[in-house]
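Student: Take a look at the following structure, please.
Quick note: the coordinates plus some simple rules give every number you see, no bench work behind them. For clarity, every value in this text was computed on a predicted model and none was experimentally measured. Cβ atoms come from the backbone with ideal geometry, glycine included; neighbour counts cover every protein chain shown.
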């Protein structure tokens, strides 16, 4: 049982600290796009509910998506080219890929925040509100489908590596369930009132996390064959698990006690 529960638990705990990496890249993307247009960028502000870049330019609203997809592409290239052997290396890249490929399409389709700003930019070109909305929704759909497919392929190899006894067909289904479930949770958050309370409330987050652990550990991932070591070849070592737990605790401490925080841009 530990051969299934421990790797899955470590994967879940990595979600929180790595989400901050994506968030910082998102806000930095706003700033770099602003600077590329000759605008201003003085830093980013991180809070428990809303984070934003202190950046101003005509196309600044699309910069966050540029930052997230740049991070996803870098993680994809590293995963495909380097093919990391360690559990931590594989897990970090896989989580960054699924987060940044599945989080942005619902944000684009939501017509909130950056999406609303982009809608205004499109309307200003004379396209019209209905056509501008259609462009954003179609873009979100295409990016969502491509993102789910790429993330599915990555997690298919990820599950095969971590759980070496799993069949390729079972790994494909496990990957599909994980990626679609992650995407559905993100879409649910963006299109539900009081979205911030859903995505930032620790107790609310525990429900899908515990559900994921139970479903995957007891139903999706089959038991290891007799004679499999307690720490399978693809699984995490004790030191790796301790490091991930400490990283998760540190992320929670920063969230609850260090927010809001301002990161200046030199």
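Student: Can you give the angle from 0 to 90° between the axis of helix 238-257 and the longest principal axis of the chain, with both taken from C-alpha atoms, to the nearest 10?
Tutor: So the helix axis and the longest Cα principal axis differ by about 30 degrees.
Student: If each DSSP helix of 4+ residues adds -39,500 (n - 2.57) and the sum is divided by the residues in the chain, what number results at 222 nm, nearest 500 deg cm²/dmol? Provide the component values of the computation, followed by the final result.
Tutor: On the way: 10 runs with 186 residues, N = 266.
Calculated mean residue ellipticity at 222 nm is -24000 deg cm²/dmol.
Student: Given 0.36 nm per residue, what is the gain on full extension from residue 82 to residue 112 after removing their alpha carbon distance, in nm?
Tutor: 7.1 nm is the gain from fully extending residue 82 to residue 112.
Student: Roughly what angle does helix 129-162 make with the longest principal axis of the chain, taking Cα atoms, 0 to 90 degrees, to the nearest 10?
Tutor: Around 20 degrees separate the two axes.
Student: I would also like to ask the following. May I ask for the percentage of alpha-carbon pairs in region 1-133 that lie more than 19 Å from each other?
Tutor: The answer is 57 percent, as a whole percent.
Student: If you line up the long axis of helix 202-215 against the longest principal axis of the chain, both from Cα atoms, how many degrees apart are they, to the nearest 10?
Tutor: Helix 202-215 sits at roughly 40 degrees to that axis.
Student: Ordered by packing density, taken as the mean number of other Cβ atoms within 10 Å over each peptide's residues, highest first, how do 250-258, 96-104 rank?
Tutor: In descending order of packing, they fall as 96-104, 250-258.
Student: Applying a 10 Å radius around every beta-carbon, put 80-92, 124-136 in order of their mean neighbour count, most first.
Tutor: The densest-packed peptide leads the list: 80-92, 124-136.
Student: Compactness ratio of the chain: Cα Rg over 2.2 N^0.38 Å, N = residue count?
Tutor: 1.06
Student: Work out the FRET efficiency for residue 48 and residue 70 from their Cβ-Cβ distance, taking R0 = 22 Å, and round it to the nearest 0.05.
Tutor: 0.30
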